[in-house]
Amino acid sequence: MAFPTKPSAYLLGSNGPVHALAYSSSPGTYILAGSSDRSIRLYNPSPASSSRSHNGTDVLEGRLIQTYSAHGYEVLSIAVSSGNESFVSSGGDRAVFLWDVSTGVTTRRFGGNIHGHTGQINCVSFAGAGDSLIVSGSFDTTARIWDVKSNSVKPIQVLDNARDAITSIVVRGPEVITGSVDGRVRSYDIRMGTCTADVIGASVTSLDITKDGNALLVGTLDSKLRLMDRKNGTCLKAYDDPTWRNEELRVQSLLAKREKYVIVGDEMTAGLGGREGRVLAWDVLSGKLAATITIPWGPAGYESKKKVIGKDGKEKIRNNVMSCMAWRDGGWGDQFCVAGTSGVVTVFDT
């Protein structure tokens with residue numbers, strides 16, 4: 001497969017870095033983007049029939065459908081229900097927000113009280129039959145399970161084995177899998193009440209599970225990705241490259257193209273003054289680097305509205321670190337989107 005080099009659309013509107021991306025459930029028609037500007041935006045990535053102009057340059061710009069505003073702090077994670085009627089979000093608020101997609105209002109908030117998280121919530125996911133549960137993972141080292149149908153303000157369970165911040169969560173059936181800065185991946189069987197820990201070593205910042213549930217892609221702050229065998233905890237394959245770095249920031253990684261590839265964002269541009277970001281892709285089986293995709297700061301002629309001014313009164317150099325992504329298999333065709341520092345969501349058709 002040849003990865004695309006030209007974006008099919010740009011999704012504009014954010015007034016700060018984008019930290020979270022999610023496709024709507026099958027067929028994945030829409031994209032949700034959570035931003036540091038405290039808003040979540042719903043887009044149709046298919047450009048309008050007439051392109052918009054930025055500084056005299058025509059741009060294939062996706063359509064902004066709706067903006068959701070209730071967060072008081074940056075948005076760090078988004079998950080969409082299987083029926084597409086609702087989604088959940090989390091961030092610096094210490095509460096989980098449950099949204100009605102059509103009305104744009106929050107129908108519930110979980111936490112934000114003495115029974116909730118005491119730190120920012122880094123990750124959130126639906127769980128249970130009919131998306132009846134929500135799982136959240138926080139800087140406070142705990143994961144909490146919330147009952148969507150109950151009126152209780154308390155979580156039904158608190159998973160407190162981690163010794164440092166929980167950065168990522170994967171849910172599969174009765175299992176909740178968490179990744180933590182303490183360098184461990186923990187698998188909880190909620191029905192059996194068991195917890196199994198796999199020691200990775202470096203801080204874990206990203207998780208993705210194969211469709212059969214037998215392997216887990218783990219991203220860590222030692223500039224490596226590992227495909228782990230879930231039965232015995234061994235590393236099936238490691239992915240790295242001298243030109244790629246992930247040592248400081250939470251950079252998302254995914255299994256892509258029906259699990260044929262591993263893709264990940266890059267923090268290498270941080271501090272180098274680079275206006276272009278990158279996404280790297282490895283072949284899952286061979287472990288060889290298959291592609292390096294350049295992500296522009298934005299479309300030609302585009303300049304973000306928000307400028308960062310330093311103490312010296314001069315505009316700071318902006319670096320386009322790619323920190324979040326989402327992939328759509330099937331549906332209306334294979335597609336992926338990436339975003340980061342620039343606040344622009346870049347969409348590619350494959």
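So V158 ticks every box in (1) within 27 Å of V199 (Cα to Cα); (2) outside any strand (DSSP E or B); (3) without any contact (Cβ under 8 Å) to a residue 24 or more places away in the chain but one. Which box is left unticked?
(2)
Tell me yes or no: at least one residue of the range 330-337 is farther than 23 Å from V264 by Cβ and either at pLDDT below 90 or assigned to a strand (DSSP E or B) (or both).
yes
I'd like to know if the range 60-68 contains one or more residues that are surrounded by fewer than 17 Cβ atoms within 10 Å (Cβ to Cβ), modelled with pLDDT under 95 and either of a type in the set (D, E, K, R) or within 19 Å of the chain's Cα centre (by Cα) (or both).
no
Counting just the residues of the range 103-147 that are of a type in the set (A, V, I, L, M) and surrounded by fewer than 20 Cβ atoms within 10 Å (Cβ to Cβ), which one comes out farthest from S86 (Cα to Cα)?
Here the answer is I114.
Quick check: is even one residue across the range 77-93 part of a strand (DSSP E or B), at pLDDT below 95 and in contact with a Gly (Cβ under 9 Å, 6 or more places away or on another chain)?
There is no residue in the range 77-93 that is part of a strand (DSSP E or B), at pLDDT below 95 and in contact with a Gly (Cβ under 9 Å, 6 or more places away or on another chain).
Given the structure, is V153 surrounded by 14 or more Cβ atoms within 10 Å (Cβ to Cβ), modelled with pLDDT under 95 and on the phi < 0 side of the Ramachandran plot?
Yes, satisfied.
I'm told R38 meets every condition in (1) surrounded by fewer than 17 Cβ atoms within 10 Å (Cβ to Cβ); (2) modelled with pLDDT of 95 or more; (3) of a type in the set (D, E, K, R) except one. Can you identify the failing condition by its number?
(1)
Quick one: count up the residues across the range 14-36 that are in a loop (DSSP other than H, G, I, E, B) and under 17 Å from M322 (Cα atoms).
Matching residues across the range 14-36 total 5.
Of all residues in the range 167-183, which are among the charged types (D, E, K, R) and in a loop (DSSP other than H, G, I, E, B)?
Of everything in the range 167-183, just one residue is among the charged types (D, E, K, R) and in a loop (DSSP other than H, G, I, E, B), namely D182.
Could you figure out which of (1) part of a loop (DSSP other than H, G, I, E, B); (2) under 23 Å from V80 (Cβ atoms); (3) not hydroxyl-bearing (S, T, Y) isn't true of D164?
Condition (2) is where D164 drops out.
Please go through the range 184-220 and pick out each residue that is touching a Ser or Thr at 6+ places or on another chain (Cβ under 7 Å), part of a loop (DSSP other than H, G, I, E, B) and surrounded by fewer than 20 Cβ atoms within 10 Å (Cβ to Cβ).
The answer is A202, and nothing else.
Select from the range 1-12 the residues that are surrounded by fewer than 20 Cβ atoms within 10 Å (Cβ to Cβ) and not basic (K, R) and list them in ascending order.
Across the range 1-12, the qualifying residues are M1, A2, F3, P4, T5, S8.
It is to be established whether one or more residues within the range 67-86 are touching a residue at least 24 places away in the same chain (Cβ under 8 Å), among the charged types (D, E, K, R) and under 22 Å from S14 (Cα atoms).
yes
The values are calculated or read from the model by the stated rules, or taken from the named source; none is laboratory data. None of these values were measured; they are calculated from a predicted model. Virtual Cβ from ideal backbone geometry, glycine too; neighbours counted across all protein chains shown.
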